[in-house]
Structures are given as structure tokens and as C-alpha cells.
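Scroll down for the structure; my scribbles are underneath it.
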Amino acid sequence: MSPFLDLPPLSAAAFAAIEDQVAELLQTGADVIVTQGEALLPLEAAIRGAAHPGSTALNIVTGPYGQTFGNWLRDCGATVVDLAVPFDSAVTAGQVAEALEAHPAIDFVSLVHAEAATGNTNPVAEIAAVVRAHGALLMVDAVASVAAEPLLTDAWGIDLCVIGGQKAMGGPAGVSAVSVSERAWERIAANPAAPRRSYLSLLDWKERWTDAGRTALPHAPAQLEMLALGACLDRIAADGLPAVIARHRAAAAATRAGVRALGTVTPFVPDDAHAAPVATTLRTPAGLSAADLAADLLRRDPALPVQPGGGALATEMLRVNHYGPAADPDTVRATLTALAAALGTDASPALAAADAAWEAAGRSSA
């Protein structure tokens, strides 16, 4: 018997129960569809369902995923207005309001909540209020933020909220989900270019699964991934979502404090208010390649949650992940210890600063 192969079938009722757990996590009464693939699947499905020739989209770019969304929106024939800010900062609701005022035809807005790739996070609640006042639909990529930051889908007015399980949730990468508001369903249903009879079709799921009473799955479920998603949702519920969020905030605060005490490398996102709780990105000084530093760290300890930045950032940005199981004081301390050794400096001040920051974060969340 294999624990991975010899499993009883996953019933439609069990699948639906996991969807309900996701809805509870997202604090939404909207339809939730669990999609059988990595989170790029529902992100592309949401964009291709809502965008079409004649529509105008505001694409907020604070990292590489915003660039990808812009490409998809253009592929759909939409007119795209890019609002780009430096990757070491966050966009503001005021900047979004100015863009909407300058382009009144905007009817769709795409936004990444937390950019793990660059270490920044955006004020979704404030931005959502501006977007809703304008009357546009809002799609939020919450893959990195869910379970690490507050995410009030209905209260904030998010129309399409996409999540994945592999970051702060501590779950699988091969399954994802999207919540769809009534306004979003109306837009997608009215779009003749929206995918139908396609793996990218949200309408297929709605018609064959949600509206049909969720009694018969439209295709064989990704059983292992669904069981893993259910397990990580159970663990979050057992720990309590506020405690999981607090642990991620503490890990970010401790990492940033420790890095500042080390010197040599500095937070890539300098403003703590703009820093994501799932990953701390570090700027390396001239002459110190982030890719080389990451390789050195991983030679010292292959389990360290570090990697160089992507693309052009590989030379100047080191990414320290502290999400899911890595949102842990021992992991933060191990990373800072290895960084100190690689940089040829004493780890003691960094560890003391990290411990103090973790303790302070714990007091503030109590």
C-alpha cells in the first residue's frame, strides 16, 4: 500500500467542503472555485474572462507579475494603462485614484497584494475603495499574501481574488483558487471572448459545478493536491488565522532587524510599511553579486530559504523567504547566522536584534 497511490476517491462533497474552507479563509460569501493547477491558471482565467476588445484596464505594476498581467490583458485586446512604481516601494491609493481620473473608461483593475519576488506589499483595502467608487472590477493576486496579511475579500470589495497554497498557507503548489463576485460573473458571462469549453474557463466551472449544486465533479480531481490543500486549511484553522498572520509579521520584522544589524546588505524595500511579510529582499552592495551570495549560503546550508532575485535583479537582490514553515525564529536565526559567516562578520548583534524584534512583534499582536 502506498500513501500516495492507494487512496479512496475524492468525493464531490469533500471537494466542495474544501472550497467552503477557502471561502472562510478569504472571508467571502462569493462563489469560490478551486482550480486544478498552479495559481497562474486562475489568474489568467480571470483576466481572459473579464477583459476583451473595447475594455480598458488599469494594470498596477509593482513587480514581475504585474508585467505578466499586462501582457495577458493586451492579448485579450483590452486597452491597457500601466501604473508602474519602483519595485522597492508600494503603490498608493492616491496614485490609483489619479490614474482612474485620467482614464475614466477603465473598467478593470489588476493588482498584486504582496510581491514575494520583490518583497513589497500594496494597501489593498485603500485601493479597493477607490476602485469600487470608480465602478471598475478589481482582481487581486493574493497568492503570497493569503494567511500572511489580513485579506477581507467581501468587506474590501474584491471582485476576483486569486490564491495559491504554496506560500504562507504552507500547502501545495499544484492547486489554487479564485473567488468570483456577482459583478465579476456578470462581466464574464457578458463577454463573448471569455473562454468556454476550455481549461481557462471559469464559466465552465460555474455552469457544470457551482450552479449544478456541486454534486458531480466535471473532471477527475487532483487528489493529492486537494488533500494537501485541505490539510493546510485545517492547520491554519487549528492554529488560528490571527496567530499565523502574526508569525509571518514577526518573521519579517526579525529578519529586517537582523539584516540592519549585520550591515553590508540592506533591505531592498527600505520602508517597513511597504515590506511584505512573506519575504525580505536584500540589496547587495556594488561588487557583491546576489547570485554568488545565494550560492555561498546554500553551500553552507542547503535548507536555507534563500535565492537570488529574478532576471536583472539576480546581481543586486537576495531574497530571503519566511513563509509557511519558514516563518519560524529558528529559520530566521539560521539564515542570519549563515549571512554573517558569508559576509565575514559577527552574527551576535544580528541575532540579538532579530530576537528582540520577534519578541516585540509578539507583544504587539497579543
Checklist line | Test result for ALA286, of a type in the set (A, V, I, L, M, F, W, C) and within 24 Å of GLY63 (Cα to Cα) | finding: yes
Next item on the list: Could you please give the count of residues in the stretch 335-366 that are under 14 Å from LEU262 (Cα atoms), part of a helix (DSSP H, G or I) and without any contact (Cβ under 8 Å) to a residue 40 or more places away in the chain?
Entry: 2
Next item on the list: Could you check how many residues of the stretch 131-173 are among the small types (Gly, Ala, Ser), open to solvent by 10 Å² or more (accessible area, probe 1.4 Å), touching a residue at least 60 places away in the same chain (Cβ under 8 Å) and over 18 Å from ALA237 (Cβ atoms)?
Entry: 2
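Take MET139 and decide whether it is out of contact with any Pro (no Cβ under 6 Å at 6 or more places or on another chain), among the aliphatic types (A, V, I, L, M) and over 22 Å from ALA243 (Cα atoms).
Here the answer is yes, as MET139 does meet what is asked.
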Note to self: Restricting to the stretch 177-201, count the residues that are open to solvent by 50 Å² or more (accessible area, probe 1.4 Å) and closer than 17 Å to GLY29 by Cα.
What the structure shows: 3
Next item on the list: Give the residues of the stretch 212-229 that are over 15 Å from GLY324 (Cα atoms) and part of a helix (DSSP H, G or I), sorted by residue number.
Entry: GLN223, LEU224, GLU225, MET226, LEU227
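Quick grid of which residues meet (1) open to solvent by 30 Å² or more (accessible area, probe 1.4 Å); (2) touching a strand residue (DSSP E or B) at 6+ places or on another chain (Cβ under 7 Å); (3) at pLDDT 95 or above; (4) part of a helix (DSSP H, G or I):
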| residue | (1), (2), (3), (4) |
| --- | --- |
| LEU7 | yes, no, no, no |
| ALA13 | yes, no, yes, yes |
| GLN21 | yes, no, yes, yes |
| ALA46 | no, yes, yes, yes |
Item checked: Filter pass, ALA273 being of a type in the set (Gly, Ala, Ser) and part of a helix (DSSP H, G or I) -> yes
Check: Being charged (D, E, K, R) and buried (at least 20 other Cβ atoms within 10 Å of the Cβ), is that true of even one residue in the stretch 202-219?
Finding: no
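The values are calculated or read from the model by the stated rules, or taken from the named source; none is laboratory data. Since we're looking at a predicted model, the values are computed, not measured. Cβ coordinates were reconstructed from backbone atoms using ideal geometry, including for glycine residues, and neighbour counts include every protein chain displayed. Heavy atoms of the whole protein, side chains included, go into the accessibility calculation; ligands, DNA and RNA do not. Shrake-Rupley method; radii C 1.70, N 1.55, O 1.52, S 1.80 Å.
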